[in-house]
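Following: one structure in structure tokens, then a few remarks.
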Amino acid sequence: MSLPGIRPVRKPLAACCGALTLAASLTACGGASTADPHAKEITVYSADGLKSEQGDGFYDKVFQDFEKKTGIKVNYVESGSGAAVQRLARERANTKADVVVTLPPFIQQAEGKGLLDTYRPKGADHVAAADKDPAGKWTSVVNNYFCFIYNKKQLPKAPATWQDLLDPKFKDKLQYSTPGVAGDGTAVLIKALHDFGGRRPAMDFLKKLQANNVGPSSSTGQLAPKTDKGELLVANGDVQMNYANQKSMPNQGIFFPAAKPGAKPATFALPYAAGVVKNAPHRANARAFLDYLLSPEVQQQVSAVGGGFASRTDIKPTDPHATQLAALMKNVEIFHPDWNDIDKNLQSYLEDWRTATGS
């Protein structure tokens, strides 16, 4: 399978306020903003996964085409989902970002902190209600799903259930990124809460799983190459990233553990959601950018270039990658987390997880 133009691996974050500047130079972390409100530019703070180090990824194409179409240059700052929201909060008194793109529950966290402006992009009426804020604070622009990965070379088949992961053969060969730090790591906790039917049984299981867990990891992307090489046998991830990795990492396979034997494999949507930042220096440009992300032209490219799923329900891509992605998700049950509950109780869930696992 060849999937040109997709970022193969997520890298650790750089030191500057937990974020990595990958485009034009920005003001130093915590420094005064020099943004000209009339400048033909925007600054995007985004979770990783959509930009290629080779310069031919989904974001690379979108940014280039958007500038060509509008004359507006995109300055890009990459970080983890939680780090992006934390940076916005630190800069509240002197806002530097125009657009934020992050995963749940961190987009809800940004909304709850009053960091997002109200704007419903053109085409948002074609986005499912579960994938956008009813008040218009954010809208999903690339759909995605939580998953696990395994080493296909060393394991004859994927683990079928959570319980299979307790097998002693996975001791020091299993790792998941840290909940509360990584978006996909937080997703492990969310899936466990759903599959085990509540907080206590989920924490009891994760406590048992800790016997096999290598330990904390701030970056989900670091786990994919380790799994491909066989240093790990199982790790967590997301469909868009790991599907994109399969050409360069052919030994990794995607799977969705079921809650118990006989149950269907299950997962949930983990979309890249975008919003205009409150008091954005280039508000009009930010709105134009969100309109562009949801345009039919761009949504058709989400699978072909990005390895993800279109957010607009009226867009039905037929490229080979869209077909393969649809086949991957066939017979997988999709559940819908209560994001308001998760946003409200996330800190207590994380405290319970730390207590259960000793992390």
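The values are calculated or read from the model by the stated rules, or taken from the named source; none is laboratory data. Computed from a predicted model, the values in this text were never measured in an experiment. Cβ atoms come from the backbone with ideal geometry, glycine included; neighbour counts cover every protein chain shown.
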Residue among ASP341, ASP352 that alone is surrounded by 17 or more Cβ atoms within 10 Å (Cβ to Cβ), in the same structural domain as ASN242 (by TED's automatic domain parsing) and within 27 Å of LYS191 (Cβ to Cβ): ASP352
Lone unmet requirement of (1) free of Cβ contacts under 8 Å to residues at least 24 places away in the same chain; (2) touching an Asp or Glu at 6+ places or on another chain (Cβ under 6 Å); (3) among the charged types (D, E, K, R) for ARG354: (2)
Residues satisfying the stated conditions in region 241-264, i.e. surrounded by 18 or more Cβ atoms within 10 Å (Cβ to Cβ) and under 25 Å from ALA129 (Cβ atoms): PHE256
Region 49-102, subset among the hydroxyl-bearing types (Ser, Thr, Tyr) and assigned to a helix (DSSP H, G or I), residue nearest to GLN240 (Cα to Cα): TYR59
Residue match in region 307-316 (condition: crowded, with 20+ Cβ neighbours inside 10 Å, at pLDDT below 95 and either aromatic (Phe, Trp, Tyr) or touching a helix residue (DSSP H, G or I) at 6+ places or on another chain (Cβ under 8 Å) (or both)): yes
Unique match (being closer than 18 Å to THR102 by Cβ, of a type in the set (A, V, I, L, M, F, W, C) and either assigned by TED's automatic domain parsing to the domain that holds GLU231 or modelled with pLDDT of 95 or more (or both)) among PHE170, PHE146: PHE146
Selection from region 200-217 of residues that are of a type outside the set (A, V, I, L, M, F, W, C), within 28 Å of ALA47 (Cα to Cα) and surrounded by 17 or more Cβ atoms within 10 Å (Cβ to Cβ): ASN213, SER217
Filter result for ALA286 (touching a residue at least 60 places away in the same chain (Cβ under 8 Å), part of a loop (DSSP other than H, G, I, E, B) and among the hydrophobic types (A, V, I, L, M, F, W, C)): no
Test: residue in region 9-22 that is at pLDDT 95 or above, under 30 Å from GLN347 (Cα atoms) and of a type in the set (Ser, Thr, Tyr): no
Condition met for VAL302 (crowded, with 20+ Cβ neighbours inside 10 Å, assigned to a strand (DSSP E or B), within 21 Å of the chain's Cα centre (by Cα) and β-branched (Val, Ile, Thr)): no
Strands (runs of 3 or more DSSP E) enclosed by region 136-253 - at least 2 residues per element that are among the polar types (S, T, N, Q), touching a residue at least 12 places away in the same chain (Cβ under 8 Å) and within 26 Å of ASN345 (Cα to Cα): 139-143
Pairs, first crowded, with 16+ Cβ neighbours inside 10 Å in region 68-79, second of a type in the set (Gly, Ala, Ser) and at pLDDT below 95, C-beta under 6 Å, six or more apart: ASN75/ALA23; ASN75/ALA24; TYR76/ALA23; VAL77/ALA19; GLU78/SER46; SER79/GLY18; SER79/ALA19
